[in-house]
1. Go through the range B:259-286 and give me each residue that's of a type outside the set (A, V, I, L, M) and touching a strand residue (DSSP E or B) at 6+ places or on another chain (Cβ under 9 Å).
2. Out of (1) of a type outside the set (D, E, K, R); (2) in contact with an Asp or Glu (Cβ under 7 Å, 6 or more places away or on another chain); (3) more than 9 Å from chain A (Cβ to nearest Cβ), the odd one out for B:Asn47 is which?
3. Looking at (1) in a helix (DSSP H, G or I); (2) in contact with a helix residue (DSSP H, G or I) (Cβ under 7 Å, 6 or more places away or on another chain); (3) not aromatic (Phe, Trp, Tyr), which is the one condition that is false for A:Asp221?
4. Sort through B:Ile98, B:Ile104 and tell me the only one that's of a type in the set (A, V, I, L, M, F, W, C), under 17 Å from the mean Cα position of the chain (by Cα) and not assigned by TED's automatic domain parsing to the domain that holds B:Glu217.
5. Can you go through A:Thr306, A:Thr311 and tell me which one is among the polar types (S, T, N, Q) and part of a loop (DSSP other than H, G, I, E, B)?
6. Which of the residues that make up the range A:245-299 are part of a helix (DSSP H, G or I) and of a type in the set (S, T, N, Q)?
7. Could you go through the range A:48-56 and let me know if any residue there is of a type in the set (D, E, K, R), in contact with a strand residue (DSSP E or B) (Cβ under 8 Å, 6 or more places away or on another chain) and more than 26 Å from A:Glu224 (Cα to Cα).
8. Suppose we filter the range A:250-267 for residues that are surrounded by fewer than 18 Cβ atoms within 10 Å (Cβ to Cβ), on the phi < 0 side of the Ramachandran plot and charged (D, E, K, R); how many remain?
Number of protein chains: 2
Amino acid sequence: MLQDKNEQRTSISDLGEFGLIKHITKYFKIHNESTEKGVGDDAAVLNFENKQILVTTDLLIEGVHFDLSYVPLKHLGYKAVMVNLSDVYAMNGNATQITVSIAISNRFPLEAMEELYAGIQSACASYQVDLVGGDTTSSTTGLLLSITAIGEANAEDIVYRNGAKVDDLLVVSGDLGASYLGLQVLEREKEVFKVNPNSQPDLENYTYLVERQLKPEARKDIVELLKQLEVKPTSMIDISDGLSSEIIHLCKASEVGCNLYEEKIPLDPQMISACEEFEINSTMVALSGGEDYELLFTISQKDFLTIKGNTHLTVIGHMTDKNAGMNLVTRANQHVPLTAQGWNSFDKE
Amino acid sequence: MLQDKNEQRTSISDLGEFGLIKHITKYFKIHNESTEKGVGDDAAVLNFENKQILVTTDLLIEGVHFDLSYVPLKHLGYKAVMVNLSDVYAMNGNATQITVSIAISNRFPLEAMEELYAGIQSACASYQVDLVGGDTTSSTTGLLLSITAIGEANAEDIVYRNGAKVDDLLVVSGDLGASYLGLQVLEREKEVFKVNPNSQPDLENYTYLVERQLKPEARKDIVELLKQLEVKPTSMIDISDGLSSEIIHLCKASEVGCNLYEEKIPLDPQMISACEEFEINSTMVALSGGEDYELLFTISQKDFLTIKGNTHLTVIGHMTDKNAGMNLVTRANQHVPLTAQGWNSFDKE
């Protein structure tokens, strides 16, 4: 429904793999000194001198992770990069390079690939990341993206999942649950479109939610902010599967418990009113919705005054003894054990 | 036709993604000091100190790159790793880590994943490479593997494609074309099996060819041999698409021409007799067959005596002035321009 009906179509097979790579990489600039040699040899060559290197990878598959009936290809390219950079930032590192592998069926013309790479290029430019390699091949069915992100950090700056201590404060950036609501809005519009293909999508009241779903931003700014404030988190993770699931990861890795306060969870007003409209509980959405790509981290109590009042950060709980368990403390002051209800692609089949 | 009919079937969705990752990675050991932290956080952490880093990635898709009716999953896992390591060795580097992303449909039971990872693990153990990350997800159709390999090298040891000089000798490791013939044999057996499902595959006379296709070895030994001989190639590439296509890559990157001598191209006797049986020209197969994963490189004439007589290496030609073009010099002493007829996945659709 968001597709251009007058699109030009150029066959990818006319270009061949090498022609295609040349064509789509020509607008990519190199931003990092660590990139000695990018695309064009058997492997990229990187030079980080004394820094440590961070490597993370994610696979996005049409029909499992995205639906092209409402995800514009440019946004998809952008988001696919964000998903990966987010993991580098979650280590308190700086993302520097990506490789992008794409499998695409011949139902996509070259112009579709150009759209996709325009999104990837936009993400690389905004986040100062270099495309240094990849693979491009045909697929028997849909579209598939596999991205590997590489980052750097001084050894002493890296934050793992396992450093949280009892009494540390649990902090989250931004707000939660909006991306999930954005998906619900888009799914609903898709159903409306199926019944009446001439209908125009009515997304005016949901712009923030839809943007959070289609074009999330990885929180590089938070890593920079923490550096500026001289606050080093004791543990950190990014929120891809939902707050609840990520808290459980931090607690298990760090061997601590946690109290998460329902009333503290940051929610956007548009998200709250959409929850009312869809008749779903906003806390449940924040806990299990996923795809927020915010950073969740713990800090020592001594750093509380430094981050207090910062509009990007919210203290939502504190770590407890492992034996106290991982609990949601509700508005009614009840302790409810947290459960991981994050998204599992294997459940969808 | 190579499947176990009494296979046990455990559903992957019962385990979930995290359970699956834990299950399949438990037999992987860490071999390299540069692996500070492997699987289990948002990103792997690597430490190469003063070395430069090599990064390469490849995508393998069922129905495009492999056919599970005759490719055992264990071999597929092994080969997928080899394809990537080969690119690191082609830079004259040492492969140290891989990430493995897999998309798999629910027609595969857990036991299939175990087979696949057994092959990956076997490759990691043989080549002293660490699995440090990945992604595992469901696919709507077939099986898909996306592997990124990371390697290290001293800056002064790295060999690019663009360093070949006029009069340098063109050298290839091993022999060529056997993998392509192995594929032809397997395709033929598949057709026989379709007609008579009780037939037993008759592969006795083709063991070398089939092994080259199903379980190729990346030439780490050649990189080590060259180091030992103190020969640094002036340019290097691995042969994945066929000798002709790779020579063209080296010549174009280095801005030189080339004379390749047909009579010098190393062929295995089994490959030659299979070519006779299939009535195809063995030189054509060596030039365009692909998937040999041998190393193709150029050396300065001064190094000729050092490599002469080494059974792993064959001098097959020499580099010429760019204006002389890239030529095959036939047994009849005719000069025929080389053309890239390597495999293009986009042609298959």
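1. B:Asn259, B:Tyr261, B:Glu262, B:Glu263, B:Lys264, B:Pro266, B:Thr283, listed by residue number.
2. All conditions pass for B:Asn47, except number (3).
3. Evaluating A:Asp221 over (1) in a helix (DSSP H, G or I); (2) in contact with a helix residue (DSSP H, G or I) (Cβ under 7 Å, 6 or more places away or on another chain); (3) not aromatic (Phe, Trp, Tyr) leaves (2) as the failure.
4. B:Ile98
5. Among A:Thr306, A:Thr311, only A:Thr311 is among the polar types (S, T, N, Q) and part of a loop (DSSP other than H, G, I, E, B).
6. Result: A:Ser245, A:Ser254, A:Gln270, A:Ser273, A:Ser282, A:Thr283, A:Ser288.
7. no
8. Qualifying residue count for the region: 3.
The values are calculated or read from the model by the stated rules, or taken from the named source; none is laboratory data. All of these numbers come straight from a predicted model, not from anything done at the bench. As a convention, Cβ positions derive from the backbone with ideal geometry for all residues, glycine included, and neighbour counts pool all protein chains shown.
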